[in-house]
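One structure is given below, encoded as structure tokens.
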């Protein structure tokens, strides 16, 4: 009997569990762990600095002339001084850190039953979301009590409203990512084609474009009652589908070279940057965000 050939991944030389068809959760990819560490550290710095920079930054970041900043700056200028700024404008080189998490997560994604996916993701994503949301919520109430601004409405109605419209529980905003990723993985498990599908690439392209269009329309016709997770989930699905499709191709030189050129041009002339959670433009053209971020992902 002829031996069946297992799926070969572009990261097979790194002994990926995808490459040999084995379920070996302990198998690690050093280069991917290193990249993940950089992205996590940048994410922590991004949120920490972003929360603290509500004062004049001209001296702190060495910006002597605020006129040198982008005209569509996502910040506040008051009395000729910069009061607030998105950290991605000061350190733009890893502006694609949120799309990266969706993209790389999809490289190891395998379609499975709804039950199995629920058991696995509820343990890794939902459990983490609930535990740390409770911790943040309790801290939020404690701070509110100490400063005498907490109300019953803030603890109940406002909290539930933020969860539904913004995708997080007050006190720990960055956890929106876990809830969105949880939803994206379930949607992807349902609509992504099997790799043996004759029209797999066509279907993936349709999914990527659909997510792209939905996120853009949500940006273009934004409404205060439109849940954030519709836009960031649609964009996340686009990046997730790209990661699912590109794991066999992302090491090809004919793809890496033009993407590297786009990345270098972005470093020189500026990247189109979108704050993925509220789906707000930071700088540049929104329509260029996903394709440029995709080029950066292949070099990330």
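Need one word for the stretch 238-300: rounded, prolate or oblate. Basis is the Cα gyration tensor (sqrt eigenvalues a ≥ b ≥ c); a/c below 1.5 gives rounded, then a/b vs b/c decides. Taking the square roots of the gyration eigenvalues as a ≥ b ≥ c, the stretch 238-300 is oblate.
Summarising the label geometry, the points placed 7 Å from Cα in the beta-carbon direction at residue 268 and residue 287 lie 2.4 nm from one another.
May I ask you to derive the relative contact order of the stretch 103-186, considering only C-alpha pairs under 8 Å and at least 6 residues apart, and to give it as an integer percent? Intermediate results must be reported in sequence, preceding the final value.
Working: 51 pairs, mean separation 30.2, N = 84.
Relative CO of the stretch 103-186 lands at 36 percent.
Can you give the FRET efficiency for residue 213 and residue 142, using 1/(1 + (r/R0)^6), R0 = 51 Å, r = Cβ-Cβ distance, to the nearest 0.05? In this case the efficiency is close to 0.75.
How do 155-161, 89-95 rank on mean C-beta neighbours within 10 Å, highest first?
Result, highest mean Cβ count within 10 Å first: 89-95, 155-161.
What FRET efficiency comes out for the pair residue 155/residue 36, r = Cβ-Cβ distance, R0 = 25 Å, nearest 0.05? Walk me through the numbers on the way to the answer.
Values: r = 35 Å, r/R0 = 1.42.
For R0 = 25 Å, the calculated efficiency reads 0.10.
Gain on full extension, evaluated as 0.36 nm per residue between residue 198 and residue 47 minus their Cα-Cα distance, stands at 50.1 nm. The packing ranking, built from the mean of other Cβ atoms within 10 Å per residue, places the peptides 172-179, 125-132 in the order 172-179, 125-132, highest first. Modelled spin labels at residue 90 and residue 173, positioned 7 Å past Cα toward Cβ, are 1.6 nm from each other. Would you mind classifying the stretch 101-238 by shape? Square roots of the alpha carbon gyration tensor eigenvalues, ordered a ≥ b ≥ c; an a/c under 1.5 is rounded, otherwise it is prolate if a/b is larger than b/c and oblate if not. Taking the square roots of the gyration eigenvalues as a ≥ b ≥ c, the stretch 101-238 is oblate.
Every number here is computed from the coordinates shown, using simple stated rules; none is lab data. Computed from a predicted model, the values in this text were never measured in an experiment. Backbone-built Cβ (ideal geometry, glycine too); neighbour counts: all protein chains shown.
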